[in-house]
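One structure is given below, encoded as structure tokens.
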Amino acid sequence: MGRRRHKKRELNEYILLREPLSREAFAEEEVLIAGLARTFYEADFFWTFEEGDLVCYLHEMEPGEVRDFITGPAGTAVLKRYAKEQCRNPFITLLEKICAIGSYGIKGGRRIFVGYADERKVISRKKKAEERGAYYYTTGHPFTRNNKALPEEYRDTIICGDSEEVLKRLPDNCIDIIITSPPYNFGLDYESDKKEDAQVWEQYFQKLFAVFLEGIRVLKWGGRIIVNVQPLFSEYIPIHHIISHFFMEHKLIWKGEIIWEKNNYNCKYTSWGSWKSPSSPYLKYTWEFIEIYCKGDLKKTGEKEEIDISDEEFKSWVVAKWSIGTERRMKQFDHPAMFPEELVERCLKLFSYQGDVILDPFNGAGTTTAVAQRLKRHYIGIDISSQYCATAEERLKKDKKIGDQLVLF
Ligand SMILES: C[S@@+](CC[C@H](N)C(=O)[O-])C[C@H]1O[C@@H](n2cnc3c(N)ncnc32)[C@H](O)[C@@H]1O
């Protein structure tokens, strides 16, 4: 137990806990409070009566020690008084409240209840950032802040063609958000070219990065690239790491990663490495990744009135694990690898403003463009397959018709 320390802390260094009594303090309680003050550090905590409440000014404490003191010889008189008056013990009630709020750490055997933010604060953060570079891998980036409008002829369009070529026609810094799910090179049965999705890996990454390079160029300062990617686990190719490495090498800031939990427990493989043997057990995954990168700045400016995310959505979606079922209408849209609309909706509401220009360079059956239109964003969707582009157009028209009818109502 501690000795009495004369000097109290500043009052703002304590948190205040109250237990209402709605009566005058008993003499026995005043004696107990004096005993507590003699025994424990005032700088750690102290008790008093204020306006009919028992109050504890708390900085740090070991509640077990205090409970022992109150229920030990020093508390005998007060315990007798409570028994006589048939009233509860407010010291114990307040101690229970203290235990319930939780502490963030232990110092010298005592639980610390305040000053969390101060303790965690990095000392001279600004200076350290200057010395280290804020995002050390982006120092010396070539980006300008000279954002431009997307030329009118590309606004709200679906363009059929090779993205690398199409994007070359756009000016620098004209797109707010790129959201996409690139072809995975898994050998999926795309309408465009059945061999295309099973190229040699070097060739695959060369093409993918050529498109991404154009993507970086057309992205505005403060714009974001959001890439949905599934590693090829069966061939031990961590595509998400390779893509992250590429973007960071090209000076984008890695904003973070969302786990898209698909809850897909369908076991594709019947043999899991060697059954129950440590020789090479096969790991199974029910999720994909969403990687987010920023150009120039983590912050994206926009008008407050153009934010359309609700309080509940924000609270829930900033927790970076999203449980969303896979798209069930792939047969209907005749596309083998669509992402679900909800995934795009969450990304757009969390990372963009209404009126922003959204690009998907691998637009497929047009999930991104459909959601962008519904959420009052401008869009440009590119796909190499004319069939998928027609599907994307069809989806936009249908949604627009429904939207117009709703407005008429
Ligand atoms: C994973 S899918 C995207 C699906 C889309 N997210 C959806 O929900 O419908 C990838 C798409 O990229 C297209 N693609 C492949 N190479 C391309 C290229 N060089 N330029 C444009 N699109 C390409 C494929 O035709 C395919 O539709």
- Among the lysines, select those whose C-alpha is under 18 Å from the C-alpha of residue 127, and discard any that sit fewer than 8 residues away in the same chain. none
- What is the magnitude of the charge dipole of segment 287-409 about its Cα centre, with +1 placed on the Cβ of each Lys and Arg, -1 on the Cβ of each Asp and Glu, and no other charges, expressed in debye to the nearest 20? 140 debye
- Residues whose built amide H sits under 5 Å from the amide H of residue 222, excluding neighbours closer than 5 in sequence, are 295, 296, 297
- Query: Given H placed 1.01 Å from N in the peptide plane, which residues other than close sequence neighbours of residue 255 have an amide H under 5 Å from its amide H?
  - Reply: 292, 293, 294
- Message: For 24, 313, give me the order by solvent-accessible area with a 1.4 Å probe, most accessible first, ignoring ligands, DNA and RNA.
- Response: 24, 313
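Nothing charged except the Cβ atoms of Lys and Arg (+1) and of Asp and Glu (-1): what's the magnitude of the dipole of the chain about its Cα centre? Round to the nearest 20 debye.
The dipole magnitude comes to about 1180 debye.
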- Message: Strictly over 18 Å apart at the Cα level, which of 207/349; 168/207; 276/321; 262/295; 349/401 would you flag in this model?
- Response: 207/349; 276/321; 262/295; 349/401
- Task: Compute the Rg to Rh ratio over segment 11-120 from the alpha carbon atoms, using the Kirkwood formula for Rh, and round to two decimal places.
- Result: 0.97
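Would you calculate, for the chain, the mean residue ellipticity at 222 nm contributed by helices, counting each DSSP H stretch of 4 or more residues as -39,500 (n - 2.57) and dividing by all residues, to the nearest 500?
Taken over the chain, the calculation gives -10500 deg cm²/dmol.
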- Determine, from the Cβ-Cβ distance of residue 8 and residue 314 and an R0 of 41 Å, the FRET efficiency 1/(1 + (r/R0)^6), rounded to the nearest 0.05. 0.55
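Anything over 32 Å Cα to Cα? Flag those among 284/315; 126/315; 255/331, in the order listed.
255/331
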- Residue by residue through segment 157-174, which ³J(HN,Hα) values in whole Hz follow from phi under the Karplus form 6.51 cos²θ - 1.76 cosθ + 1.60 (θ = phi - 60°), with glycine and proline marked x? 10, 10, 10, 8, x, 6, 3, 4, 5, 4, 5, 4, 7, 8, x, 5, 6, 10
- Checked against the positive end of the charge dipole of segment 11-120 (+1 on Cβ of Lys and Arg, -1 on Cβ of Asp and Glu, about the Cα centre), the farthest of 55, 83, 11 is 83
- Pairs of Cα atoms under 8 Å, at least six residues apart: use those to get the relative contact order of the chain, whole percent. 15 percent
- Task: Using only protein heavy atoms and a 1.4 Å probe, report how much of residue 87 is accessible, in Å² to the nearest 10.
- Result: 50 Å²
- Task: Output ³J(HN,Hα) for segment 253-262: one whole-Hz value per residue in order, computed from phi by the Karplus curve 6.51 cos²θ - 1.76 cosθ + 1.60 with θ = phi - 60°, and x for Gly and Pro.
- Result: 8, 6, 7, x, 9, 10, 8, 8, 7, 8
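Using alpha carbons only, what's the Rg to Rh ratio of the chain with Rh from Kirkwood?
1.17
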- First measure r as the distance between the Cβ atoms of residue 85 and residue 38, then evaluate 1/(1 + (r/R0)^6) with R0 = 30 Å and state the FRET efficiency to the nearest 0.05. 0.75
- Note on the structure: Between residue 42 and residues 5 or more places away or on another chain, the pairs with built amide H atoms under 5 Å apart involve 5
- Task: Run the dipole for segment 11-120 about the Cα centre, Lys and Arg Cβ at +1, Asp and Glu Cβ at -1, nothing else charged, and hand back the magnitude in debye, nearest 20.
- Result: 360 debye
- Query: What number, in percent, do you get for the relative contact order of segment 11-120 if the mean sequence gap of Cα pairs under 8 Å and at least 6 apart is divided by its residue count?
  - Reply: 31 percent
- Compute the distance in nm between two label points, each set 7 Å from the Cα along the Cα-to-Cβ direction, one at residue 263 and one at residue 144. 4.9 nm
- Förster radius 45 Å - calculated FRET efficiency between residue 210 and residue 331 (Cβ-Cβ, nearest 0.05): 0.90
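Would you mind counting up the charge near residue 19? Only other residues with Cβ under 9 Å from its Cβ, with Lys and Arg at +1 and Asp and Glu at -1. Before the final figure, lay out each step's value.
Details: positive: 18, 97; negative: 53.
Neighbour charge sum, excluding residue 19 itself: +1.
The values are calculated or read from the model by the stated rules, or taken from the named source; none is laboratory data. These figures come from a predicted structure and were not determined experimentally. Cβ atoms come from the backbone with ideal geometry, glycine included; neighbour counts cover every protein chain shown. These area figures cover heavy atoms from the full protein model, side chains too; ligands, DNA and RNA do not enter into them. Shrake-Rupley method; radii C 1.70, N 1.55, O 1.52, S 1.80 Å.
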